[in-house]
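Participant: Right, I'll just put the structure down here and ask away after.
Nothing in this text is a laboratory measurement; each read-out follows from the coordinates by a stated rule. Quantities reported herein were computed from a predicted structural model and do not represent experimental measurements. As a convention, Cβ positions derive from the backbone with ideal geometry for all residues, glycine included, and neighbour counts pool all protein chains shown.
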Amino acid sequence: MEHIYLLALVGGGLIGLSATLLLYTLGRIAGICGITFSLFMPQITDKKWRITFILGLVSGAFLIHLLTPIAIPAAPTDNIYLLIIAGLLVGFGTQLGNGCTSGHGICGIARKSPRSIIATITFMAIGFITVFVLRHIWGVI
Amino acid sequence: MNNKWLSKINLFAIIAGSLFGAGLAISGMTNTVKVQSFLDLFGEWDITLGFVMAGALIVSFVAFRFVLKNDKPIFHDKFEIPTSKDIDSKLLTGAAMFGAGWAIVGYCPGPAIASLIYGYWQTFVFVVAMLVGSWIARKFT
């Protein structure tokens, strides 16, 4: 197996381990959009573990680049309109659909939730179509 | 759920968060070029990130079975599992919008937040737009 695939598999395994640990200890689903967005909801009172989790998320990535030869990836597109449109769509969409890659794609499928399986198929399919249209038809990304 | 910053709950939250962030950085999920190549199914498809999903699912699919056999998590009185079973237009529209936004820049919520540590202005613009998008969804839907 090539090095890069092994790293992807190991990295994925760590994400699965994280989701398992969070469920086992705090009883929570490791859905990053849910954890993040609820920081901005007045009715959510247990914000401390969410803030701590996010601090861990950021520092975990930082430590990998600090301690291993894995380089920091290049910046995304510098087209500010694409950044804003994509951010709005991701924020609006994950709030409306109650989940993102982690909440639906990993935790939801691991729970065999039909909602999450359908959501994951939908966002993957639209992702494939969007790259096809924007890259191979319009040539904007 | 937790009232103090220095608590076992927050200790496990930061460990889980760090594992997640480390997994994202190791696997290449914070690399928007790689994410877009994974979504480029009809072009030069790079399957690498499929291994991330596989790694995460292998671990969580098995481990969730064991975790959910317990009556409750260690530090909380119950598992906070989503109860909704509805496959409705909200779920499908939300997932579709998310998929489009994910494809445009290559960030889903977890990698976007973890990538804030890289210090690129593009990531900040995306994350702010994402938070605004989620706020709009809560306000108007």
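Participant: Classify the protein assembly as shown as rounded, prolate or oblate from the Cα gyration tensor: take a ≥ b ≥ c as the square roots of its eigenvalues, call it rounded if a/c is under 1.5, otherwise prolate when a/b beats b/c and oblate if not.
Facilitator: On the way: a/c = 1.41, a/b = 1.27, b/c = 1.11.
It is rounded, given that a/c, with a ≥ b ≥ c, falls under 1.5.
Participant: Using the Karplus curve 6.51 cos²θ - 1.76 cosθ + 1.60 with θ = phi - 60°, work out ³J(HN,Hα) for each residue of the range A:133-139 in order, rounded to whole Hz, and write x for Gly and Pro.
Facilitator: 5, 6, 8, 9, 9, 8, x
Participant: Hey, got the dipole for chain B? About the Cα centre, +1 on K and R Cβ, -1 on D and E Cβ, debye to the nearest 20? Working shown, then result.
Facilitator: On the way: 11 positive and 8 negative charges, 114 e Å.
The dipole magnitude comes to about 540 debye.
Participant: Additional query: Past the 24 Å Cα-Cα mark, which pairs from A:K47/B:K90; A:K112/B:K69; A:K112/B:K90? Spell out each step's value before the answer.
Facilitator: Working: A:K47/B:K90 26 Å; A:K112/B:K69 15 Å; A:K112/B:K90 20 Å.
From the list (A:K47/B:K90; A:K112/B:K69; A:K112/B:K90), the Cα-Cα distance tops 24 Å for A:K47/B:K90.
Participant: Just report the Cα centroid separation between the range A:60-132 and the range A:1-45, whole Å.
Facilitator: Computed from Cα coordinates, the inter-centre distance equals 12 Å.
Participant: Let me ask something else. Could you go through the range A:61-72 in sequence order and give the Karplus-derived ³J(HN,Hα) for each residue, using 6.51 cos²θ - 1.76 cosθ + 1.60 with θ = phi - 60°, rounded to whole Hz, and x for Gly and Pro?
Facilitator: 5, 4, 4, 4, 6, 6, 9, 10, x, 5, 7, 5
Participant: Apply the Karplus parameterisation 6.51 cos²θ - 1.76 cosθ + 1.60, with θ equal to phi minus 60°, to every residue of the range B:49-63 and state each ³J(HN,Hα) to the nearest whole Hz, in sequence, with x for glycine and proline.
Facilitator: Listing the rounded values in order: 5, x, 5, 5, 4, 4, x, 5, 6, 4, 5, 6, 4, 6, 5 Hz.
Participant: Using alpha-carbon positions, what is the distance between the centroids of the range B:108-122 and the range B:87-106, in Å?
Facilitator: Rounded to whole Å, the Cα centres lie 20 Å apart.
Participant: Something else now. Using the alpha-carbon atoms, what tilt in degrees (0 to 90, nearest 10) does helix B:89-105 show relative to the longest principal axis of chain B?
Facilitator: 60
Participant: Could you tell me which of A:G11, A:I85, A:C33 has its Cα farthest along the dipole of chain A towards the positive end, charges placed at Cβ (Lys, Arg +1; Asp, Glu -1), taken about the Cα centre?
Facilitator: A:C33
Participant: Per residue, how big is the convex hull of the range B:8-140 when only Cα atoms are used? Give it in Å³. Walk me through the intermediate numbers first.
Facilitator: Working: hull volume 21.3 nm³, N = 133.
Convex hull volume per residue, Cα atoms: 160 Å³.
Participant: Right, something else. Roughly what would the spin-label model give for B:D86 and A:Y81, points 7 Å off Cα along C-beta, in nm?
Facilitator: Modelled inter-label distance: 3.6 nm.
Participant: Another question about this same structure. Could you work out, residue by residue across B:33-44, how many beta carbons of other chains sit within 10 Å of that residue's beta carbon, and then give the average as an integer? Walk me through the numbers on the way to the answer.
Facilitator: On the way: counts 4, 3, 5, 8, 1, 5, 10, 7, 7, 7, 5, 1.
What the average comes to for B:33-44 is 5.
Participant: Now, a different point. Ranked highest first by average number of other Cβ atoms within 10 Å, how do B:9-18, A:88-97 line up?
Facilitator: Working: B:9-18: 23.1, A:88-97: 28.1.
Order by mean packing, descending: A:88-97, B:9-18.
Participant: Just grab the label-to-label distance for B:F61 and B:F124, each label 7 Å out from Cα along the Cβ direction, in nm (one decimal).
Facilitator: 4.2
Participant: May I pose another question? Rounded to the nearest 0.05, what FRET efficiency do A:A71 and B:D71 have when you use their Cβ-Cβ distance and R0 = 41 Å?
Facilitator: 0.35
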